[in-house]
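**Q** What follows is a single structure, and I will ask about it in a moment.
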Amino acid sequence: MRAYAVSDAATGKPLAGLYVDIYPREGKFKHAAVWGFRNVATRNHRLPQAALVANLDRKGLTLEELETLLHEFGHSLHNNLSATRYSAQGGTSVLRDFVEAPSQMLEDWVYDPRVLKVFAEVCPTCKPVPDEMIQKALVARDYGKGIQYGRQHFYASFDLALHAADAPEPMALWARMEGATPLGHVAGTQGPASFAHVATGYAAGYYGYLWSLVVALDLRTAFADRLDPAVGMRYRQKVLAQGSQHPPKELLHDFLGRDANSKAFFEWLKR
């Protein structure tokens, strides 16, 4: 594990602490996550702390692993660049259907050749990723996404339907709803048995994954140049720094200069 002191580049002002533990070892947590275990509170000069934990390959990252790292880094930025008055409103203490938006937005940075070339600043001897490979990766990422996001829509709809007033029987509901999808339902399978989200705090909230992607794609429209420091600073001040001091709808309007919409998502889905 490494510990980093985060400071403002322009002023040198201390901002936060970040612990990074990204390689596997025996007995370690098996997935990837960020824990913002200490939120900011400007009222009493309290600085935030976060831990980014993953299990990546020490010999080099695949594109998927790099995407995972950027996703989790998005959560750590949300925690560590927060500047709320009270700790209860700091970092990722936002509405559940907004919390994944900053992290999903940052995933797309992986597919920008100019962003990947920045790696040479910290690893001059590392072999650069060819631009042609990045283009192939984009094609592979987009392949079959209609089915992928249709499936996400089904999962979200099932989760919401479980909490209807008539409290439907889960397995019969699953069979009926999955049967109405293009892939259909296979008799004898029990999909809900492996759909852990419906029993682990996402009650009627699984839709947040797909909705956060819609928001993330709208946020990306502001970054014509993903390395533009002026846009990055505006994003930091208008979105990340605000935590839950204001509703997501207001944060998005302040940053984008307009009401948020789903246009970017549908345009991306068509590609």
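The values are calculated or read from the model by the stated rules, or taken from the named source; none is laboratory data. From a predicted model like this one, the values you see are computed outputs, not experimental measurements. In this analysis, Cβ positions are derived from the backbone assuming ideal geometry, glycine residues included, and neighbour counts consider all displayed protein chains. Just so you know, the surface numbers come from the protein's heavy atoms only, side chains and all, with ligands and any DNA or RNA stripped out. Shrake-Rupley method; radii C 1.70, N 1.55, O 1.52, S 1.80 Å.
**Q** So, in the range 23-57, how many residues would count as being in contact with an Asp or Glu (Cβ under 9 Å, 6 or more places away or on another chain) and of a type in the set (A, V, I, L, M)?
**A** 8
**Q** Mind checking which pairs have a first residue in the range 136-156 that is within 16 Å of residue 175 (Cα to Cα) and open to solvent by less than 40 Å² (accessible area, probe 1.4 Å) and a second that is of a type in the set (Ser, Thr, Tyr) and assigned to a helix (DSSP H, G or I), Cβ under 9 Å, 6 or more apart or different chains?
**A** Final answer for the pair search is 156/207; 156/209.
**Q** Right, residue 180: surrounded by 10 or more Cβ atoms within 10 Å (Cβ to Cβ), of a type outside the set (Lys, Arg) and closer than 27 Å to residue 96 by Cα or not? Show your work before the answer.
**A** Working: surrounded by 10 or more Cβ atoms within 10 Å (Cβ to Cβ): yes; of a type outside the set (Lys, Arg): yes; closer than 27 Å to residue 96 by Cα: no.
When the stated conditions are applied, residue 180 does not pass them.
**Q** Quick check on residue 223: is it within 20 Å of residue 100 (Cβ to Cβ) and not in a helix (DSSP H, G or I)? So that I can check it myself, show each step before the final result.
**A** On the way: within 20 Å of residue 100 (Cβ to Cβ): yes; not in a helix (DSSP H, G or I): yes.
Answer is yes for this residue.
**Q** Would you confirm whether or not the range 42-51 contains a residue that is part of a strand (DSSP E or B), over 30 Å from residue 135 (Cβ atoms) and open to solvent by less than 30 Å² (accessible area, probe 1.4 Å)? Let's see the steps before the verdict.
**A** Looking only at the range 42-51, we keep the residues that are part of a strand (DSSP E or B), and these are 46, 49-51.
Right, trim to over 30 Å from residue 135 (Cβ atoms) and you get 46, 49-51.
Retained after the next criterion (residues that are open to solvent by less than 30 Å² (accessible area, probe 1.4 Å)): 50-51.
Yes: the range 42-51 contains one or more residues that are part of a strand (DSSP E or B), over 30 Å from residue 135 (Cβ atoms) and open to solvent by less than 30 Å² (accessible area, probe 1.4 Å).
**Q** Pull up the range 183-198, narrow it to residues that are among the small types (Gly, Ala, Ser) and in a helix (DSSP H, G or I), then point me to the one that is least open to solvent (accessible area, probe 1.4 Å).
**A** Taking the range 183-198 as the starting set, the residues that turn out to be among the small types (Gly, Ala, Ser) are 184, 187-188, 191, 193-194, 196.
Narrowing the set further to residues that are in a helix (DSSP H, G or I) leaves 191, 193-194, 196.
On the way: 191: 18, 193: 88, 194: 101, 196: 60 Å².
Per the stated criteria, the residue is 191.
**Q** When you scan the range 82-113, how many residues do you find that are open to solvent by 40 Å² or more (accessible area, probe 1.4 Å), assigned to a helix (DSSP H, G or I) and of a type in the set (A, V, I, L, M, F, W, C)?
**A** So the count comes out to 1.
**Q** Determine the pairs where a residue that is closer than 14 Å to residue 174 by Cα, located within the range 190-201, has a partner that is of a type in the set (Val, Ile, Thr) and surrounded by 15 or more Cβ atoms within 10 Å (Cβ to Cβ) with Cβ atoms under 8 Å apart, the partner being 6 or more residues away or on another chain.
**A** That search, which allows pairs on different chains as well, returns 192/198.
**Q** On to the next question. Keeping to the range 237-267, report how many residues are in a helix (DSSP H, G or I) and buried (at least 16 other Cβ atoms within 10 Å of the Cβ).
**A** Going residue by residue through the range 237-267, those that are in a helix (DSSP H, G or I) are 237-238, 240-242, 248-256, 263-267.
Narrowing further to those that are buried (at least 16 other Cβ atoms within 10 Å of the Cβ): 238, 240-242, 248, 251-252, 255-256, 264-265.
Going through the range 237-267 one residue at a time, the tally reaches 11.
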